[in-house]
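A.B. asks: Okay, handing you the structure first.
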Amino acid sequence: ERNPDLDPKMQVPAEEAFSNKENVYAALVGCYDGLQLQHYYGRNLVITGDLASDNTVADGTKIEYYDMDRNSLLANNILVEGIWADIYQAVNRANYMLYKLDEVTFLTDAEKKDYQGQLRFLRALHYFNLVRLYGGVPLKLLPTLNDKPENFLPRSSVNEVYSQIISDL
């Protein structure tokens, strides 16, 4: 699905994303782009780390930041929800590309291994951030392509998540 806020020349339809080397590279760039989502490194992950410590004090009108500053978070805090959702969006991007790379025939083995290594590093980073923030989390290693119930996994243990991080690295 195309994002109407982006320049149409910068978007590649899903059915064309893995049709040539340039589009595969663009898909990889999209995986790195997940790092700058608003609730991830784009803003809130960095801010919440400082607010939860005594490096920063909440000031202004955002109650979510005050809750973080006072360490009185509830599950419905937009920061908690947003960070979770944005990191899992980034995980899904990496998973989708890893899944689709198996079908690509025009890359050399070295190129394919390079992409897979970068994607596994990104997934490991995403899970490292998830596990240190939330403890055991659902360990998604395949892309979510639909909203079927089998996509909703239970939390894995902290040890299982760290094992996957080590495996990906």
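The values are calculated or read from the model by the stated rules, or taken from the named source; none is laboratory data. Predicted model, so just to flag it, every value in this text is computed and none were measured. A quick note on method: Cβ atoms are made from the backbone with ideal geometry, for glycine too, and the neighbour counts reach across all protein chains shown. These area figures cover heavy atoms from the full protein model, side chains too; ligands, DNA and RNA do not enter into them. Shrake-Rupley method; radii C 1.70, N 1.55, O 1.52, S 1.80 Å.
A.B. asks: Any residue at all in segment 38-53 that's of a type in the set (A, V, I, L, M) and outside any helix (DSSP H, G or I)?
C.D. replies: Taking every residue of segment 38-53 in turn, none turns out to be of a type in the set (A, V, I, L, M) and outside any helix (DSSP H, G or I).
A.B. asks: Within segment 20-28, does at least one residue satisfy the condition of being within 22 Å of the chain's Cα centre (by Cα) and open to solvent by 40 Å² or more (accessible area, probe 1.4 Å)?
C.D. replies: yes
A.B. asks: Within the group 72, 163, which residue is of a type in the set (Gly, Ala, Ser) and over 25 Å from residue 38 (Cβ atoms)?
C.D. replies: 163
A.B. asks: To continue, here is another question. Tell me yes or no: at least one residue of segment 127-142 is over 15 Å from the mean Cα position of the chain (by Cα) and within 24 Å of residue 44 (Cα to Cα).
C.D. replies: So far as segment 127-142 goes, yes, one or more of its residues are over 15 Å from the mean Cα position of the chain (by Cα) and within 24 Å of residue 44 (Cα to Cα).
A.B. asks: Only one of (1) modelled with pLDDT of 95 or more; (2) of a type in the set (Gly, Ala, Ser); (3) under 28 Å from residue 26 (Cα atoms) is not met by residue 42, so which one is it?
C.D. replies: All conditions pass for residue 42, except number (1).
A.B. asks: Taking the options 159, 151, 76, name whichever one is closer than 30 Å to residue 53 by Cα and at pLDDT below 95.
C.D. replies: The conditions single out 76.
A.B. asks: Sticking with this one: Kindly state which helices (runs of 4 or more DSSP H) lie completely within segment 59-156 and contain at least 2 residues that are open to solvent by less than 30 Å² (accessible area, probe 1.4 Å) and touching a residue at least 12 places away in the same chain (Cβ under 8 Å).
C.D. replies: It comes to 78-101, 109-134.
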